[in-house]
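We did not get these values from a lab; they are worked out from the coordinates using the rules stated. Fair warning: this is a prediction, and the values are worked out from it, not measured in the lab. Positions of Cβ are backbone-derived with ideal geometry, glycine not excepted, and every protein chain shown enters the neighbour counts.
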Amino acid sequence: MVDISGKNPSRREAEASAFVALPAKVLKGLATNPKGDPFETARIAGIMAAKKTAELIPLCHPLPLGNVAVDLRQCENGIRISSTVKTTAETGVEMEALVAAAVAALTVYDMCKGLDKGIEIRELVLERKSGGKSGDYVRQR
C-alpha cells in the first residue's frame, strides 16, 4: 500500500458515472420487471459496494465514508448512473465512486437479464474529484 500515514486528513469528494444501454423491450418492461425494481436495488447495491471497496480492490485503503449517493435516471436508450462519495481522510475516494457506479450498473444488468441478455454496460468513468495533494480534476468531454 502507498504510505499515507504522514498525510493530514482533508475533505475529499469524487463523482463517477456509468451507462447501461437497454434495448427498447427492456425499457418498456422495467415497471413490471419480474425481479423487482432495478432502480432502488441498484442504488442500494452501489452504496453497499462503495463501503466495501477496500475489500474488493487490492492495496486500496479502507476509508471512513461520510456520504455515498447513487442516482439512476432512465434515458431514451438506457439508464444513466451517477455516484458521489465524500470523506474526510488522508486519501481520495475515486475508487469508491467508481466501484459504486460499476456495481450499480452490474445490478441493473442482473435485475434485467431475464428480459434480454444483450444489455451493455458502457462508459464507466471518473467525472470529477476534489481535495488532496493533486487538487481538483474534472473530466473533459
query = Candidates (1) 14.0, 37; (2) 16.2, 54; (3) 16.3, 61; which is the computed Rg and Dmax of the Cα atoms in Å?
reply = (2)
query = Restricting to lysine pairs 8 or more places apart or on different chains, what number in the chain have Cα atoms under 21 Å apart?
reply = 16
request  = Using only Cα atoms, tell me the angle between helix 38-51 and the longest principal axis of the chain; keep it within 0 to 90° and round to the nearest 10.
outcome  = 20
ask   = In percent, what relative contact order does the chain have, based on Cα pairs under 8 Å that are 6 or more apart in sequence?
value = 40
key: residue 77-residue 2 pseudo-label distance in nm [points 7 Å out on the Cα-to-Cβ vector]   = 3.6
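Where does the chain land at 222 nm, in deg cm²/dmol rounded to the nearest 500, when only DSSP H runs of n ≥ 4 count, each adding -39500 (n - 2.57), divided by all residues?
-9000 deg cm²/dmol
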note = When 95, 48 are arranged by how many other beta-carbons sit within 10 Å of their Cβ, fewest first, they go 48, 95
Amide hydrogen neighbours beyond the local backbone of residue 78, cut-off 5 Å, H modeled = 22
